[in-house]
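Chemist: Let me begin by handing over the structure; questions about it come next.
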Amino acid sequence: MRQEKEVLSEYRAEQILRKYIPIAKSQLVKRISEIKLKLPLVLKIISPDVVHKSEVQGVRIVKTQEELQVQFWALLHRARKEHIKLEGILAQEFVKGQEVLLGIVKDMTFGYMMTLGLGGIFTEVLKDVSMRKCPIRENDAQEMIDELHGREIFYGARDRKLDIAFLKKVLMKISHIPEKEKSILELDINPFMLNEKGGKAVDARIVLSR
Ligand code: ADP
Ligand code: MG
């Protein structure tokens, strides 16, 4: 049986996720003058046609007012040239931290499963992820962290201890999302920026059944 699916843009996915976990502050805008957030910012092309924004050079970090002007226009130009139908440009707060991948997938046999991984080569090359059935408790969250081969990253391998207590809370909250959002088939938070004191999601994708 083929299932009808709807893939939500980052902006729409984050509107839903804001109810559950910390998300970077952002505004979806059509012009620069609407932007109220302070620099540094990340600008992103938001469109139903674009799933991987960086593949179309649709993500730009801007640190100065001048870069903001240049990159904002560059993104609009890029969208026009590639015939991308724009929902808008997302101006998002820049968040420092270690990139963590958090996800949920609905398995037809096992129900909702959640995954945890580390950003970059850890997940993409080494397939270093841990999984649990939703919902999870604190000890499950701790086990998910400790099952990763790259776990030392959390405990200070790069001269900083990441906020594991906070990550565990976020993992637990995410594991309860399917109870509230019943039509969810997939959730990908890639990345969640985890730092020494908390963290925030800076990209998300949700697939709904309809
Ligand atoms: P894509 O659709 O290509 O996955 P992302 O929104 O994940 O686009 O952005 C690509 C990369 O840019 C992220 O993996 C992260 O490294 C960086 N990035 C995106 N948003 C932010 C942000 N708000 N703060 C800091 N870095 C960010
Ligand atoms: Mg991403």
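Chemist: Among the residues of the stretch 11-20, count how many are over 24 Å from Asp107 (Cβ atoms) and surrounded by 20 or more Cβ atoms within 10 Å (Cβ to Cβ).
Modeler: Residues in the stretch 11-20 being over 24 Å from Asp107 (Cβ atoms) and surrounded by 20 or more Cβ atoms within 10 Å (Cβ to Cβ): 1 in total.
Chemist: Out of all the residues in the stretch 73-92, which are more than 16 Å from ligand 1 (Cβ to nearest atom), open to solvent by 40 Å² or more (accessible area, probe 1.4 Å) and not basic (Lys, Arg)?
Modeler: Trp73, His77, His83
Chemist: Would you please name the residue that is farthest from Val202 (Cα to Cα), looking only at residues in the stretch 116-134 that are open to solvent by less than 30 Å² (accessible area, probe 1.4 Å) and within 15 Å of ligand 2 (Cβ to nearest atom)?
Modeler: Thr123
Chemist: Could you list, in sequence order, the residues of the stretch 93-115 that are open to solvent by 10 Å² or more (accessible area, probe 1.4 Å), of a type in the set (A, V, I, L, M) and within 21 Å of Gln3 (Cα to Cα)?
Modeler: Val105, Met108, Met113
Chemist: Give the number of residues within the stretch 35-58 that are surrounded by 14 or more Cβ atoms within 10 Å (Cβ to Cβ) and not hydrophobic (A, V, I, L, M, F, W, C).
Modeler: 7
Chemist: Here's something else I'd like to know. Report, ordered by the first and then the second residue, all pairs with beta carbons closer than 7 Å, sequence separation of six or more or different chains, a first member in the stretch 187-209 that is over 17 Å from Tyr11 (Cβ atoms), and a second member that is within 13 Å of ligand 2 (Cβ to nearest atom) and among the acidic types (Asp, Glu).
Modeler: Taking only residues 6 or more apart or on different chains, the pairs are Met193/Glu99.
Chemist: Identify the residue in the stretch 59-72 that is of a type in the set (D, E, K, R) and surrounded by 13 or more Cβ atoms within 10 Å (Cβ to Cβ) and, among all such residues, is farthest from Pro178 (Cα to Cα).
Modeler: Among residues in the stretch 59-72 that are of a type in the set (D, E, K, R) and surrounded by 13 or more Cβ atoms within 10 Å (Cβ to Cβ), the one farthest from Pro178 (Cα to Cα) is Glu67.
Chemist: Related question: Among (1) open to solvent by less than 20 Å² (accessible area, probe 1.4 Å); (2) within 16 Å of ligand 1 (Cβ to nearest atom); (3) closer than 28 Å to Val7 by Cα, where does Ile184 come up short?
Modeler: Condition (2) is where Ile184 drops out.
Chemist: Another question about this same structure. Answer yes or no: is there a residue in the stretch 21-34 that is charged (D, E, K, R), open to solvent by 70 Å² or more (accessible area, probe 1.4 Å), free of Cβ contacts under 8 Å to residues at least 24 places away in the same chain and assigned to a helix (DSSP H, G or I).
Modeler: The answer is no, given that none of the residues of the stretch 21-34 is charged (D, E, K, R), open to solvent by 70 Å² or more (accessible area, probe 1.4 Å), free of Cβ contacts under 8 Å to residues at least 24 places away in the same chain and assigned to a helix (DSSP H, G or I).
Chemist: Among the residues of the stretch 82-122, which ones are small (Gly, Ala, Ser) and at positive phi?
Modeler: Gly88, Gly97, Gly111, Gly120
The values are calculated or read from the model by the stated rules, or taken from the named source; none is laboratory data. In this text the structure is predicted, and so the values were computed from the model without any measurement. A quick note on method: Cβ atoms are made from the backbone with ideal geometry, for glycine too, and the neighbour counts reach across all protein chains shown. Surface accessibility is based on the protein's heavy atoms, side chains included, excluding ligands, DNA and RNA. Shrake-Rupley method; radii C 1.70, N 1.55, O 1.52, S 1.80 Å.
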